[in-house]
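Take a look at the structure set out below.
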Amino acid sequence: MLIYKIFRAPEWAILQTNGETLGAPVDLADGYVHFSTGVQVRETAAKWFAGEDNLHLLAVESDTLGPHLKWEPSRGGALFPHLYRALTLEDLLWVKPLPLAPEGAAEAATDSHLFPEDL
């Protein structure tokens with residue numbers, strides 16, 4: 001199953017430079033890298049990244065993360081994937097820009113981002 005991480009440009013730059021990261025400030029505070037499933041990622045973007053541009057959507061195959069990936073209850077009791085080790089460049093299947101919807105687009109009314117069509 002694909003799982004997703006949203007990074008701001010500086011967070012993505014750190015991963016590219018260092019080859020690994022313990023995540024964004026919220027990840028560092030909580031002690032694990034927060035991920036979302038395909039069903040959860042749009043709500044995650046709306047809740048935590050509303051109005052933010054210069055975002056990157058990272059995709060990872062959950063089965064490759066082994067015992068370091070834990071599924072734990074979070075928002076509304078839903079199970080979210082949490083990674084208890086550094087995220088590495090080798091973990092990534094792909095990275096795509098996650099731009100804001102253009103002004104006037106239906107998505108823009110809710111500060112939504114434009115997700116890849118295959119998600």
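Observations on the model:
- Here GLY66, GLY38, GLY51, GLY31 are screened, and the one residue that is more than 17 Å from GLU90 (Cβ to Cβ) and out of contact with any Leu (no Cβ under 8 Å at 6 or more places or on another chain) is GLY31.
- Output for the range 69-84, where each listed residue is over 19 Å from GLN16 (Cα atoms) and either touching a Leu at 6+ places or on another chain (Cβ under 9 Å) or touching a residue at least 24 places away in the same chain (Cβ under 8 Å) (or both): LEU69, LYS70, TRP71, GLU72, PRO73, ARG75, ALA78, PHE80, PRO81, HIS82, TYR84
Residues are listed down the side, and each one gets a yes or a no for (1) crowded, with 18+ Cβ neighbours inside 10 Å; (2) more than 11 Å from ILE6 (Cβ to Cβ):
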site	(1), (2)
HIS34	yes, no
TRP48	no, no
GLU52	no, no
VAL60	yes, yes
PRO67	no, yes
GLU103	no, yes
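Per-residue answers, yes or no, for (1) at pLDDT 95 or above; (2) in contact with a His (Cβ under 9 Å, 6 or more places away or on another chain); (3) farther than 18 Å from GLU11 by Cα:
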{"residue": "ASN54", "(1), (2), (3)": "yes, no, no"}
{"residue": "ALA59", "(1), (2), (3)": "yes, no, no"}
{"residue": "TRP71", "(1), (2), (3)": "yes, yes, yes"}
{"residue": "GLY77", "(1), (2), (3)": "no, no, yes"}
{"residue": "THR88", "(1), (2), (3)": "yes, no, no"}
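- Qualifying residue in the range 46-65 (condition: farther than 22 Å from SER112 by Cα and touching a Gly at 6+ places or on another chain (Cβ under 8 Å)): no
The values are calculated or read from the model by the stated rules, or taken from the named source; none is laboratory data. On a predicted model such as this, the values are computed, not experimentally measured, just so you know. Ideal geometry is used to build each Cβ from the backbone, glycine not excepted, and the neighbour counts take in all protein chains shown.
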